[in-house]
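Worksheet: one structure, shown below.
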Amino acid sequence: MPTLAQLSKELTKLKLKEVPTHVQKFAGQHWTPAQLQGRFMNWLHNYKIQNIDTGSSKPLVDLVSYGFVFSYALSWPREYAHYKHEQEAKLKGGHH
């Protein structure tokens, strides 16, 4: 069975519409929405028992960490466009 590193390397070579089929082959089975919902609800219940009910700080750390990752991913295209515009301006001898 291929590793996640191999999967990610293979995914970079695929077109977007080919990704779901490739991931299904990697996983070895097809997940229905009902199965995914059940798995998610089980994970959520276990997370609550292990972290929230015990008074752990992990939920706060998770919220801050994943919030940062989400906001960075959301703002990245705008920041990259700004960077490219700045580089083009420098090449033309101008200021940004």
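What follows is calculated from the coordinates using simple rules that are stated; it is not laboratory data. This is a predicted model, so every value here is computed, not measured. A quick note on method: Cβ atoms are made from the backbone with ideal geometry, for glycine too, and the neighbour counts reach across all protein chains shown.
Assorted remarks:
- Selection within segment 9-19 - closer than 23 Å to LEU36 by Cβ, surrounded by fewer than 10 Cβ atoms within 10 Å (Cβ to Cβ) and of a type outside the set (A, V, I, L, M): LYS17
- Matching residues, segment 30-82, being over 28 Å from VAL19 (Cβ atoms) and of a type in the set (Val, Ile, Thr): ILE49, ILE52, THR54, VAL61, VAL64
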